[in-house]
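Step one of this worksheet: look at the structure below.
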Amino acid sequence: MILLDFIKERVPNFLGGCLILVALIPCYAWATGLVPGMPPPWSKGIVWYQIFPDRFCNGDTNNDPPVSAQQDAWPHDTVRPWKLHPWTSDWYKMQPWEKEGGQDIWHNITRRRYGGDLVGIIQRLDYLRELGVQAIYLNPIFYAPSHHRYDAYMMHHVDPYLGPDPQGDLAIMAKEKLDDPKTWQWTSADTMALHLVGAVHRLGMRIIWDGVFNHLGVGSPFFQDVMQYQQASAYADWFEVEQWSDPDSGKDFRYKGWFGIQNLPEIKENSGGLTEGPSNYVMNITRRWMRPQWESADPSLKEMSLGVDGWRLDVAFCVAHVFWKKWSAYVKTLNPEAYLTAEVIEEAYKLKPYLQGDEFDAVMNYPFAFEGSEFFINDKNRPAVHEFQNKMNALVNVFGFERFLSQQNLFGSHDANRIASHIVNRNFARYGDWGDYFSKSKASNTSYNTRKPLLEERRIQWLWTFFQMTFPGAPMLYYGDEVGMWGANDPDCRKPMIWQELNFEPEWYRADQSKYSQAWSVEVDTLLLYNIRRLIKLRRSFPEWPLGEFKWISVQSSSSESQDWDKEPDNQARGKSNPKSLVLAFARTGQSTSYFYLNPTNTPQPVYLDWGMEQVREVWTGDVHQPLSGPYWLMPYGFAIFRP
């Protein structure tokens, strides 16, 4: 029970309650480790996993959506032939009913649904636990017509087609008043979502949901009411209307869509942020999902909180700071340990206003991926080691080290090409030039190669993942990256999850419907999965990996260089890198110290360990190395871990 509610229930005198609250807050903060204005302690250094619901696991085929469920989603085509798409099919291969419809591949991919649902996620929680995941970021699950659900009808109900009784849920929802929380009921999909939250908590993990407060879908009943009744609508002040309909003067109804997309009417803002109606609605749905007034009959969930642990906020840069300050303050009254992370894809220094302690705890750390890709992946223009170190230092300094520990260090997401395909197409563009790279990395660009990664490319991916799991921050995996999935930018980064027990068709087809010269097999990369699982286990076994202090290490690539380099004042003390070395190295220190050495090149690289020890053991391989006998050799795209 939240402290404030506890006091309200037990202290009838308001002044007395306030005095008790003031006295107890420091005790509560001490007990939980909370520091005002800082991310919750549980978020430091944890391993995140992002799930895209429609493509993760179809656990209940009885709730699969019909084609009519997507009538309000682009391309607004419910007439042409359609079937639920086969989970294991060749991604670019047109199915017979798609060919019959006579439209191109992109029209058809947008119409595809695979039937992923909430029970499917629940069924796979043990998989995530065994992988070592500590927190889940769940893409939108609110009622919406598209496969991505960023075009919500409403946010006070979970999509019926994610739950066990779609028709029953729709009947319940039809009886409610949209903006009156007193009339809102709990549908079977709603309670299934709460069961998911409880099941996650039972396994000792956390979960945050996706919130989209900048826009709704064009089919939203709120917006449809505005279209029908115009200025007379109860929701007339909810949307950015540019011109009301006036048949007498020939004026058509016009409104602002997010980035010009008419399918996504923008919610109206004023000097206080969202206008009163949508602001109240957002506050109400926030409380509904963070402090649900519903109890499960499942005895295993009796002691579990069913409220979400926080939110990821879509296009946070499109909503005014004043609203985020107000909303964040409200969230923290519901759960002082809630975690709020923002999608703001900008240069690092532009993120600072969101991270002053009164709005967000973190961001989806795309700058981490932008800088990392230049060093580990784009080998033709790779910066020198010291240049990369300077860029990473600057990135960490934007946040401050303690806050950086809670940042979601990702590579890809539902809005970017997968890391495996990024590596296949390395050097053709800069990831940090987001707008340019976003369009170039789509498979509609015939210069973008959509084939399966080769062995060397897998080694680069593995080295990147090693860096992601050992550098400060909270690493976030995008579903399927751990099993080797590949794919171009949206929509091809949203393929169905590869599960070990399923037999997938090989990929023969390119996006333009031509064929590869060979078929690319689609199956779990068992070595990659094993290695990532083992790496996360090590991360969770050695406290200095997620939480320890950080320092760059100067790498000595020859005994003579070592002597020359050490003559320079303070080179070692300041952690400066030897400009002749191609190896990146750093240490994480807590009660113990781990030393990490990474070779981003395709040739073996020597490392001299001048520690004055007769022998040291490398953690990953278990090999014993004798520093006095010569260098330790890092294999191409290899790494080493020492923990003396």
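Pairs under 9 Å by beta carbon, first residue touching a residue at least 40 places away in the same chain (Cβ under 8 Å) and within 17 Å of ILE208 (Cβ to Cβ) in the stretch 118-129, partner of a type in the set (Ser, Thr, Tyr) and crowded, with 19+ Cβ neighbours inside 10 Å, six or more apart or different chains?
Close Cβ pairs (under 9 Å, with a partner that is of a type in the set (Ser, Thr, Tyr) and crowded, with 19+ Cβ neighbours inside 10 Å) amount to LEU128/TYR49.
Please state which one of GLU359, GLU343 is under 25 Å from HIS414 (Cβ atoms), out of contact with any His (no Cβ under 9 Å at 6 or more places or on another chain) and not hydrophobic (A, V, I, L, M, F, W, C). Break it down stepwise before answering.
Details: GLU359 fails: out of contact with any His (no Cβ under 9 Å at 6 or more places or on another chain).
It is GLU343.
Among the residues of the stretch 69-101, how many are among the aromatic types (Phe, Trp, Tyr) and either crowded, with 20+ Cβ neighbours inside 10 Å or touching a helix residue (DSSP H, G or I) at 6+ places or on another chain (Cβ under 8 Å) (or both)?
Taking the stretch 69-101 and keeping what is among the aromatic types (Phe, Trp, Tyr), we get 74, 82, 87, 91-92, 97.
Right, trim to either crowded, with 20+ Cβ neighbours inside 10 Å or touching a helix residue (DSSP H, G or I) at 6+ places or on another chain (Cβ under 8 Å) (or both) and you get 74, 82, 91-92.
Summing the residues that are among the aromatic types (Phe, Trp, Tyr) and either crowded, with 20+ Cβ neighbours inside 10 Å or touching a helix residue (DSSP H, G or I) at 6+ places or on another chain (Cβ under 8 Å) (or both) in the stretch 69-101 gives 4.
Name every residue in the stretch 362-384 that is farther than 19 Å from GLN461 by Cα and open to solvent by 10 Å² or more (accessible area, probe 1.4 Å), in order of residue number. Walk me through it before giving the result.
Filtering the stretch 362-384 down to residues farther than 19 Å from GLN461 by Cα leaves 362-364, 384.
Listed by number, the list holds a single entry, ALA384.
Among the residues of the stretch 102-134, write down those that are over 27 Å from LEU528 (Cβ atoms), open to solvent by 20 Å² or more (accessible area, probe 1.4 Å) and either part of a helix (DSSP H, G or I) or touching a helix residue (DSSP H, G or I) at 6+ places or on another chain (Cβ under 7 Å) (or both).
TRP106, HIS107, THR110, VAL119 - these are the residues of the stretch 102-134 that are over 27 Å from LEU528 (Cβ atoms), open to solvent by 20 Å² or more (accessible area, probe 1.4 Å) and either part of a helix (DSSP H, G or I) or touching a helix residue (DSSP H, G or I) at 6+ places or on another chain (Cβ under 7 Å) (or both).
Looking at the stretch 204-229, which of its residues are assigned to a helix (DSSP H, G or I) and among the acidic types (Asp, Glu)?
Within the stretch 204-229, just ASP225 meets the criteria.
What is the number of the single condition among (1) crowded, with 21+ Cβ neighbours inside 10 Å; (2) part of a helix (DSSP H, G or I) that LEU528 does not meet?
Failed condition: (1).
So which residues in the stretch 308-330 are more than 16 Å from the chain's Cα centre (by Cα), surrounded by 21 or more Cβ atoms within 10 Å (Cβ to Cβ) and under 27 Å from TRP294 (Cα atoms)?
Within the stretch 308-330, TRP327 is the sole residue that qualifies.
Checking SER305 against (1) within 26 Å of ARG588 (Cβ to Cβ); (2) of a type in the set (Ser, Thr, Tyr); (3) open to solvent by 50 Å² or more (accessible area, probe 1.4 Å), only one condition comes out false. Which one?
Of everything listed in (1) within 26 Å of ARG588 (Cβ to Cβ); (2) of a type in the set (Ser, Thr, Tyr); (3) open to solvent by 50 Å² or more (accessible area, probe 1.4 Å), SER305 misses just condition (1).
Can you find a residue in the stretch 410-420 that is open to solvent by 20 Å² or more (accessible area, probe 1.4 Å), not in a strand (DSSP E or B) and not aliphatic (A, V, I, L, M)? Let's see the steps before the verdict.
Taking the stretch 410-420 and keeping what is open to solvent by 20 Å² or more (accessible area, probe 1.4 Å), we get 415.
Within this subset, residues satisfying the condition of being not in a strand (DSSP E or B) are 415.
If we keep only those that are not aliphatic (A, V, I, L, M) as well, we get 415.
Taking every residue of the stretch 410-420 in turn, at least one turns out to be open to solvent by 20 Å² or more (accessible area, probe 1.4 Å), not in a strand (DSSP E or B) and not aliphatic (A, V, I, L, M).
Can ALA171 be described as in a loop (DSSP other than H, G, I, E, B) and out of contact with any strand residue (DSSP E or B) (no Cβ under 8 Å at 6 or more places or on another chain)?
Answer is no for this residue.
May I ask you to list pairs of residues, at least six apart or on different chains, whose Cβ atoms are under 8 Å apart, with the first in the stretch 156-177 being open to solvent by 20 Å² or more (accessible area, probe 1.4 Å) and the second being assigned to a loop (DSSP other than H, G, I, E, B) and among the acidic types (Asp, Glu)?
From residues that are open to solvent by 20 Å² or more (accessible area, probe 1.4 Å), the pairs are TYR161/ASP64; TYR161/ASP117; PRO164/ASP60.
Output the residues belonging to the stretch 223-263 that are without any contact (Cβ under 8 Å) to a residue 12 or more places away in the chain, under 19 Å from ASP180 (Cα atoms) and within 32 Å of the chain's Cα centre (by Cα).
Selection gives GLN224 alone.
Of PHE388, PHE368, which residue is touching an Asp or Glu at 6+ places or on another chain (Cβ under 8 Å) and either part of a helix (DSSP H, G or I) or closer than 18 Å to VAL344 by Cα (or both)? Write out each step before concluding.
On the way: PHE368 fails: touching an Asp or Glu at 6+ places or on another chain (Cβ under 8 Å).
That would be PHE388, the only listed residue that is touching an Asp or Glu at 6+ places or on another chain (Cβ under 8 Å) and either part of a helix (DSSP H, G or I) or closer than 18 Å to VAL344 by Cα (or both).
A quick yes/no check of all residues on (1) modelled with pLDDT of 95 or more; (2) within 28 Å of PRO265 (Cβ to Cβ):
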| position | (1), (2) |
| --- | --- |
| TRP311 | yes, yes |
| TRP324 | yes, yes |
| ALA329 | yes, yes |
| LYS332 | yes, no |
| GLU337 | yes, no |
| THR341 | yes, yes |
| ILE345 | no, yes |
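Could you say whether any residue in the stretch 186-203 is of a type in the set (Phe, Trp, Tyr), assigned to a loop (DSSP other than H, G, I, E, B), more than 19 Å from ILE141 (Cβ to Cβ) and open to solvent by 20 Å² or more (accessible area, probe 1.4 Å)?
Looking through the stretch 186-203, none of the residues is of a type in the set (Phe, Trp, Tyr), assigned to a loop (DSSP other than H, G, I, E, B), more than 19 Å from ILE141 (Cβ to Cβ) and open to solvent by 20 Å² or more (accessible area, probe 1.4 Å).
Of the conditions (1) touching a Leu at 6+ places or on another chain (Cβ under 6 Å); (2) at pLDDT below 95, LYS580 clears all except one; give me its number.
In the conditions (1) touching a Leu at 6+ places or on another chain (Cβ under 6 Å); (2) at pLDDT below 95, LYS580 misses (1) alone.
Filter the stretch 371-385 for residues that are among the aliphatic types (A, V, I, L, M) and part of a loop (DSSP other than H, G, I, E, B); which is farthest from ASN417 (Cα to Cα)? Before the answer, list the steps.
Within the stretch 371-385, the subset among the aliphatic types (A, V, I, L, M) is 377, 384-385.
Subsequent filtering for residues that are part of a loop (DSSP other than H, G, I, E, B) retains 377, 384.
Numbers: ILE377: 14, ALA384: 26 Å.
Top of the filtered list is ALA384.
Being more than 30 Å from LYS44 (Cβ to Cβ) and modelled with pLDDT of 95 or more, is that true of even one residue in the stretch 461-481?
If we filter the stretch 461-481 for residues that are more than 30 Å from LYS44 (Cβ to Cβ), which is where we start, we get none.
Within the stretch 461-481, none of the residues are more than 30 Å from LYS44 (Cβ to Cβ) and modelled with pLDDT of 95 or more.
Do we find that SER560 is among the hydroxyl-bearing types (Ser, Thr, Tyr), open to solvent by 40 Å² or more (accessible area, probe 1.4 Å) and at pLDDT below 95 in this structure?
yes
Could we say that TYR437 is under 27 Å from LEU395 (Cβ atoms), open to solvent by less than 30 Å² (accessible area, probe 1.4 Å) and touching a Ser or Thr at 6+ places or on another chain (Cβ under 7 Å) here?
Details: under 27 Å from LEU395 (Cβ atoms): yes; open to solvent by less than 30 Å² (accessible area, probe 1.4 Å): yes; touching a Ser or Thr at 6+ places or on another chain (Cβ under 7 Å): no.
Spelling it out, it is not the case that TYR437 is under 27 Å from LEU395 (Cβ atoms), open to solvent by less than 30 Å² (accessible area, probe 1.4 Å) and touching a Ser or Thr at 6+ places or on another chain (Cβ under 7 Å).
Within the stretch 578-635, how many residues turn out to be part of a strand (DSSP E or B) and open to solvent by 50 Å² or more (accessible area, probe 1.4 Å)? Lay out the reasoning, then the answer.
Filtering the stretch 578-635 for residues part of a strand (DSSP E or B) gives 584-589, 593-598, 605-608, 616-618, 624-625, 632-634.
Still in the list and also open to solvent by 50 Å² or more (accessible area, probe 1.4 Å): 589, 595, 608, 617, 624, 633.
Adding up the residues that qualify gives 6.
So which residues in the stretch 421-434 are crowded, with 24+ Cβ neighbours inside 10 Å and either of a type in the set (S, T, N, Q) or on the phi > 0 side of the Ramachandran plot (or both)?
Selection gives SER421 alone.
Tally time: how many residues in the stretch 236-285 are open to solvent by less than 30 Å² (accessible area, probe 1.4 Å) and in contact with a Leu (Cβ under 7 Å, 6 or more places away or on another chain)?
4
Being without any contact (Cβ under 8 Å) to a residue 60 or more places away in the chain, hydrophobic (A, V, I, L, M, F, W, C), part of a helix (DSSP H, G or I) and open to solvent by less than 40 Å² (accessible area, probe 1.4 Å) is the requirement here; does LEU351 meet it?
Judged against the criteria, LEU351 is a match.
For the stretch 466-493, which positions are part of a helix (DSSP H, G or I) and open to solvent by 10 Å² or more (accessible area, probe 1.4 Å)? Walk me through how you get there before you give the answer.
Of the stretch 466-493, the ones part of a helix (DSSP H, G or I) are 466-470, 481-483, 492-493.
Matches in the stretch 466-493: ASP481 only.
The values are calculated or read from the model by the stated rules, or taken from the named source; none is laboratory data. Remember, it's a predicted structure, so these values are computed and weren't measured experimentally. Note that we place each Cβ from the backbone using ideal geometry, even for glycine, and neighbour counts take in every protein chain shown. We work out accessible area using only protein heavy atoms, side chains counted, and drop any ligands, DNA or RNA first. Shrake-Rupley method; radii C 1.70, N 1.55, O 1.52, S 1.80 Å.
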